[in-house]
Amino acid sequence: MSMSLTLNDITLLESMLTKSQAIQRVADNMIAAGLVKADYATAMFDRETQISTFLGNGIAIPHGTTEKRDSVLSTGLKILYSPQGIRWDDDNIAHVVIGIAAKSNEHLAILRQLTRVIIDESALDRIKAVKSAEDLLAILTGQPVVSEETTTVSVDREFTVSIDNPHGLHTRPASMLAKVIKPFVSDIQVTNLDGSNHIVNAKSLMKLVSLGVKSTHRLKFMISGADAAEAEQQIKQAIAQGLGEDIRQFKHSTFIAENQ
């Protein structure tokens with residue numbers, strides 16, 4: 001990965017922790033490193049009440065709310081590794097807890113880098129086999145294995161929408177979008193026309209985040225299946241409504257700027 005990550009950023013846990021204890025521990029590590037102010041821990045717990053930060057493949061990425069960006073002093077990561085695993089939500093078990101401190105939209109690049117490393121299905125087995133900080137560092141800094149399946153079926157629906165969320169498609173709106181898309185039986189793929197243009201499965205939270213979607217970026221959806229029309233309608237509606245965020249003021253500001 002292009003960002004700097006060292007063995008000093010990784011803590012191997014010797015005892016089992018609860019989810020709350022893990023969030024507090026990684027927050028304390030970020031505070032001690034001078035990445036964030038003392039009140040950032042509260043912002044991390046607030047974020048968790050809004051939506052789970054469990055990413056998948058044994059990875060959780062607790063971070064503060066956008067309202068507490070002023071508590072971030074420097075962009076960086078602190079990582080906990082639990083061999084036993086930490087029960088995060090329902091049946092989700094986190095072995096790697098990555099505390100993220102990011103100023104502005106820098107967190108999107110961090111998330112994109114991380115998800116490209118862990119996006120392959122073998123990542124969880126590799127993570128469970130970690131015996132040292134060096135092992136985990138090798139996984140997180142290795143070359144990403146991204147294998148997107150191609151399809152030859154015809155596309156029933158194809159459309160492009162703009163993301164108006166001021167901070168782009170970060171974890172919370174991406175989770176909301178994946179939640180809308182998952183129930184459909186149709187194959188739903190998406191690409192960021194203003195990004196790398198690689199096509200991913202829109203039902204996967206990790207793959208949505210890996211697109212690195214920033215504000216005003218255009219997403220092109222390609223849908224094939226029996227409920228394609230309904231899926232298109234629901235996706236457009238969810239994005240237009242802000243994916244759980246209030247985008248009305250931002251859309252108004254953008255309209256004024258474009259028409260000045």
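Computed values, structure above
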{"item": "Residue 159 - accessible surface, heavy atoms, 1.4 Å probe, Å² rounded to 10", "result": "20"}
{"item": "Rough spin-label spacing in nm, given labels placed 7 Å along Cα→Cβ, for residue 141 and residue 20", "result": "3.6"}
{"item": "Reach of residue 37 by Cα under 23 Å, taken over lysines that are not fewer than 8 positions away in the same chain", "result": "19, 68, 78, 103"}
{"item": "Spacing of the two label points (7 Å from each Cα toward its C-beta) at residue 248 and residue 73, in nm", "result": "3.9"}
{"item": "All lysines inside 26 Å of residue 220 as judged from Cα atoms, apart from same-chain residues fewer than 8 positions distant", "result": "179, 182, 203, 207, 236, 251"}
{"item": "Calculated on alpha-carbon atoms, Rg and Dmax of the range 55-104 in Å", "result": "12.3, 35"}
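The values are calculated or read from the model by the stated rules, or taken from the named source; none is laboratory data. Every value quoted in this text rests on a predicted model; they were computed, and no experiment measured them. Cβ: placed from backbone, ideal geometry, glycine included. Neighbour counts: every protein chain shown. Ligands, DNA and RNA are excluded from the accessible area calculation, which covers all protein heavy atoms including side chains. Shrake-Rupley method; radii C 1.70, N 1.55, O 1.52, S 1.80 Å.
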